[in-house]
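Read-outs: derived from the displayed coordinates by stated rules, not from any lab. Quantities reported herein were computed from a predicted structural model and do not represent experimental measurements. Cβ placement follows ideal geometry from the backbone for every residue including glycine, while neighbour counts extend to all protein chains displayed.
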Protein chains: 2
Amino acid sequence: MRLSQYFLPTLKENPAEAQITSHRLMLRAGFINQTTSGIYTWLPMGERVLKRIDQIVAEEQDRIGCHRITMPTVQPAHLWQESGRYEDYGKEMLRIKDRHDREMLYGPTHEEVVTDLVRQYVNSYRQLPLCLYQIHWKFRDEIRPRFGVMRGREFYMKDAYSFDIDMDSARTAYEKMYNAYLRTFARMGLKAVPMRADSGAIGGDLSHEFHVVADTGESAIYYDKAFENLTEADYSMEKLGKLYAVSDEKHDPATCPISDDQLVSRRGIEVGHIFYFGTKYSKSMNLKVAGPDGKPIYPEMGSYGIGVSRLVAAIIESSHDEHGIIWPEEVAPFRIGLIDAKNDAQTQAISEQLHERLTNACISVLYDDRSERAGVKFSDMDLIGLPWHVIVGGKTLTAGTVEVKNRRTGAREDLTIDALINKFLGD
Amino acid sequence: MRLSQYFLPTLKENPAEAQITSHRLMLRAGFINQTTSGIYTWLPMGERVLKRIDQIVAEEQDRIGCHRITMPTVQPAHLWQESGRYEDYGKEMLRIKDRHDREMLYGPTHEEVVTDLVRQYVNSYRQLPLCLYQIHWKFRDEIRPRFGVMRGREFYMKDAYSFDIDMDSARTAYEKMYNAYLRTFARMGLKAVPMRADSGAIGGDLSHEFHVVADTGESAIYYDKAFENLTEADYSMEKLGKLYAVSDEKHDPATCPISDDQLVSRRGIEVGHIFYFGTKYSKSMNLKVAGPDGKPIYPEMGSYGIGVSRLVAAIIESSHDEHGIIWPEEVAPFRIGLIDAKNDAQTQAISEQLHERLTNACISVLYDDRSERAGVKFSDMDLIGLPWHVIVGGKTLTAGTVEVKNRRTGAREDLTIDALINKFLGD
């Protein structure tokens, strides 16, 4: 992609309204634009990151046997009246009347819709277990939206719902999801710590929050340092559940069961929340199936959320420096930023050729072909944070090499163009 | 994917509420579920088709240099007050008040939001031409929603917006989009006929509708039979614009300029609509850029829609038979339907193995591993309409071959398993 033909409106100044790092960087690097309070347009670069996260989340949901659907954003109020949550939900629910004066709402979550869906089709224990998910836009009418997409009103979220015949099976579904979340966040290059949680408004008796570790995170978290180096072999709710991990309000140094040198104190951002809530919705909405003995059973349910648009901000909070964003490769909008640092006929010809070779090899590249000074190009490229910068300059003409910079480590090496292509093909 | 573990709730009976073929088939084959009037949940199979169409549409927009963004579904009313459309739009606009009593709306289209976006960043003719698109959910509060997703209230749409410095450049953008539309529909296996249109509520002076030809289409269309066999070499607005193509209300046999044997009379479904409307929004919303001479210019704009969720229905209307849907390969939810027609230990082992080999070769396959009678499996597979059916049965045990059926032609051939894999790898 040629930057001169792209839509990447970077800002020179820090936007005054942005109080936190990710908000500031997303605005400055041209990833989002605020349409109105708490409501954003995702610009091309932001859109690309959102889609990459979407794909990783979806792959990990598919892997554990959940099926992707899309439920509507606009829901009929009567389903919420049936579950009993319509009045309770309060002003965060965006209530709507349609042209026939029917009460509707912009879904903040979808337990009611999915329970209504499943009760129309599922009537035997043989059709369970079942897990359905969507990745879709939701709305919560926050009284004071802030921190950009970290606490916006319209947001993009993965929500999954599991239906099981008994508590054992439901617990298995819950644990599969717990492990899928650990894998999902690890794939994005994030350190995520699961912690037992109160299940809050959704209600129920088993719940975990997943917090991404970031120095600029919203809340203090305390956890066993064993969480710092998890591998897939450690993904076990039973095993990890024995380790200490709590949020600020639950941590008391006086009663903390682990020693100071085992305790890590960091800041975190909640990016996932899973709930097991039993038969709350199946009973209130009369979803029942025939059991093996023919007797009706109310399925045990759970729901499982990942804040996808929030993750974009959380990744930035956990991965940036004073120059800008540092995208983990797995979610980067482009893998390579190609910079023509001389803007002369020769470097331009080489850059064009390199852009074409990389593109043809399906290595995603953003080529800064603008006639800006090298310094401007370097600082813009640091700001938007692509993982690898490839610089065509004087040495390319004298020695036939390009400079390759790792955005995270700052390490630089000179490579011939063939070696460069091989480096990125090989990965 | 194993059907026994999938969520594909087919119906045995024709649903009473479905008046048209695509609606009936989408409900019966388990592609959609009505959540409330004109509002649908996309079940896993429908979701897969929607995503495949999304991808083709996106690729063809990217190819002509448009950039994908995502604008919010909920928009502030003040932008529409600025453009002057807030009062005009009438009851089809879903109007919302947020918790602070601010007037909002669920976007039926996004000219205002995108114009507001562009005026914040673009201030020089050097930044044009620019084309931005999104593929996103919209809402039109139809007084009488019907025909399933063909005329729903919440729908999925591609909308693109072009910004150009003068009319010549705007016309070039328009023609690129015109050709992209022809390519997009052709890639989905559809015959699409562009016809000059009144530009309607959006206003302006150049507009085309694209109609997909389907016997069960919503309206009669009349066109030159040259449209029946277009190739990419014919994609030229000037050339095709000379051919006759009109909708029912404009066709008059008395004045039709082409002979009866050149005239085709079919039915069509509108799936795309493109508009050039000049400076309507740039002027009313004060989007201006400095021209080459420093003087301000109001950019010339166009907008370009494709009804993505509607296309799912249109494809079915144009491609089905009395047994069910016939998916074109390019948009099929799975390429192959694998049927174990005997349900014995031997055929099951072979089917399992085949399922694994196809899956490992990245050939998408839905494996009917249920313990249903062969007849039920055959008719379900015809109903959901995967392009190729592979049947493991008696001949597999005696001759080592599987039967491959082409859903569209009904042609069958016996192939060894190696030959089968090669057939689908080769394509």
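For this structure, a couple of remarks:
- Over 21 Å (Cα to Cα) - which of A:K191/A:K239; B:K158/B:K225; A:K288/B:K377; B:K239/B:K283; A:K97/B:K158; A:K158/B:K51 fall in this group: B:K158/B:K225; A:K288/B:K377; B:K239/B:K283; A:K97/B:K158
- Rounded to the nearest 20 debye, dipole of the protein assembly as shown from Cβ charges on Lys, Arg, Asp, Glu: 240
- Point-to-point label distance, B:S265-B:D88, nm (Cα→Cβ direction, 7 Å offset): 3.7
- Relative to the Cα centre, the charge distribution of the range B:42-155, modelled as +1 at Lys and Arg Cβ and -1 at Asp and Glu Cβ, gives a dipole magnitude of about 320 debye.
- Segment B:Q353-B:T255, extension gain: residue separation times 0.36 nm, minus the distance between their alpha carbons: 28.9 nm
- Note on A:E322 and A:R412: with the Förster distance fixed at 22 Å, the Cβ-Cβ geometry gives a FRET efficiency of about 0.75.
- Of the residues A:H323, B:H273, B:H100, the one with the fewest other Cβ atoms within 10 Å heads the list, and the complete ranking is B:H100, A:H323, B:H273.
- Dipole axis of the range B:209-363 (+1 Lys, Arg; -1 Asp, Glu on Cβ), positive-most option in B:S236, B:T359, B:P333: B:S236
- For the range B:334-426, share of DSSP beta bridges that run antiparallel, in % to the nearest 5: 50
- The sum of -39500 (n - 2.57) across all DSSP H runs of n ≥ 4, divided by the residue count of the protein assembly as shown, sets its helix-only mean residue ellipticity at 222 nm to -9500 deg cm²/dmol.
- Cα gyration tensor, the range A:3-324 - rounded (a/c under 1.5), prolate or oblate: oblate
- Sites A:S284 and B:E17 - FRET efficiency at Förster radius 45 Å, r taken between beta-carbons, to 0.05: 0.95
- Angle in degrees between helix A:167-187 and the longest Cα principal axis of chain A, rounded to the nearest 10: 10
- Local net charge near A:H110, Cβ-Cβ under 9 Å (Lys/Arg +1, Asp/Glu -1): -2
- Solitary cysteines of chain A, where the nearest other Cys Cβ is not under 4.7 Å: A:C256, A:C362
- Nonlocal amide H pairs with A:V264, under 5 Å, H built at 1.01 Å: A:Y223, A:D224, A:K225
- Subtracting the Cα-Cα distance of A:N343 and A:A361 from 0.36 nm times their residue separation leaves 4.0 nm of extension gain.
- Inter-label distance, B:R99 to B:N422: 6.6 nm, where each label sits 7 Å from its Cα along the C-beta direction.
- When the alpha carbon gyration tensor of the range A:334-426 is reduced to an equivalent ellipsoid, the three semi-axes, largest first, read 17, 16, 13 Å.
- Its Cα centre serving as origin, the range B:334-426 has a Cβ charge dipole (Lys and Arg +1, Asp and Glu -1) of approximately 300 debye.
- Note on B:L128, B:L338: ascending count of other Cβ atoms within 10 Å places them as B:L128, B:L338, the fewest first.
- Rounded is the label for the protein assembly as shown, because a/c, from the alpha-carbon gyration tensor with a ≥ b ≥ c as root eigenvalues, stays below 1.5.
- Cβ-based exposure ranking for B:V212, B:V122, in which fewest neighbours within 10 Å come first: B:V122, B:V212
- Cα gyration tensor shape for the range A:345-389, rounded if a/c is under 1.5, else prolate or oblate: oblate
- Taking a straight line from the alpha carbon of A:K242, these aspartates and glutamates sit under 19 Å away, with near neighbours fewer than eight places off in the same chain left out: A:E175, A:D198, A:D205, A:E209, A:D224, A:E228, A:E232, A:D234, A:D252, A:D260, A:D261.
- Charge dipole of the protein assembly as shown about the Cα centre (unit charges at C-beta), most positive-ward option of A:L383, B:L79, A:L425: B:L79
- Cα-based helix-to-principal-axis angle, B:374-384 vs chain B, degrees rounded to 10: 10
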